[in-house]
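Take a look at the structure below.
The values are calculated or read from the model by the stated rules, or taken from the named source; none is laboratory data. Small disclaimer: the values here were computed from a predicted structure and weren't measured. Using ideal geometry, Cβ is built from the backbone for each residue, glycine included, and neighbour counts are taken over all protein chains shown.
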Amino acid sequence: MMEIIRMVVVLSAITGLSGFVLSGLKVWTNPIIEEQVLMNVQGPALKQLFVDSNNDPIADRKTLPKPGSEGETIIVFPAMKDGKLQAVAIEGSGKGYGGDVNVLVGFDVNKDNLLGISVTTHKETPGLGSRIQEPAFTKQFKGKDPAKASLKKDGGDIDLVSGATFSSIGSADAVKQAAGWYAALKDTIKTTWQ
């Protein structure tokens, strides 16, 4: 009986210590992981969207309150030219076939239209759903009014990727989500980078 109690105490101590160490590692590595995502995932996507800017959108980013939710935030990346705000990018998310499709959406703050989109992360089928990243699909969003940036089946101007309906829907939903946040935060965005 004493042997069983000792084994339970030792195993409890080991699992408690392991849990403490793992949670400490998560807290310690979380900022490093976030920085790597910014530099290696969102950074290249921002370079595709902001070709004329002369600032570092990652360094100049701001965290703003997410419209319609209490306590949550979104990151807004600015594109500046000669110190004047030209555009911003916001990352939205939609449900694709294999999981979430995350899309960085650029907005021209002077015309309130889309600069374009860049798919940052997805789990779509390689060679099929993954074609949402290709210019044949993404270039359709450039210069569009956010209200018209939906799929043709939903009354918009955007063609689906053939054979990748769910992936296309997820991308369009991500753009719609980001456009909604931009519309709600437009005045705040313009005053933040004046």
statement: For the stretch 33-53, the count of residues that are within 19 Å of Q133 (Cα to Cα), of a type in the set (A, V, I, L, M) and free of Cβ contacts under 8 Å to residues at least 24 places away in the same chain equals 4
- prompt: Quick one: is Q86 touching a Leu at 6+ places or on another chain (Cβ under 8 Å), in contact (Cβ under 8 Å) with a residue 12 or more places away in the chain and either of a type in the set (S, T, Y) or closer than 21 Å to W181 by Cβ (or both)?
  reply: no
message: Quick check on my filter: what residues within the stretch 79-89 are surrounded by fewer than 23 Cβ atoms within 10 Å (Cβ to Cβ) and either modelled with pLDDT of 90 or more or charged (D, E, K, R) (or both)?
response: M80, K81, D82, K84, L85, Q86
field: Number of positions in the stretch 140-185 that are of a type in the set (K, R), over 18 Å from the mean Cα position of the chain (by Cα) and part of a helix (DSSP H, G or I)
entry: 3
message: What pairs come out if I take residues in the stretch 54-66 that are touching a residue at least 60 places away in the same chain (Cβ under 8 Å) and pair them with residues that are loosely packed, with under 14 Cβ neighbours inside 10 Å and assigned to a loop (DSSP other than H, G, I, E, B) whose C-beta lies under 7 Å away, six or more apart or interchain?
response: K66/E72
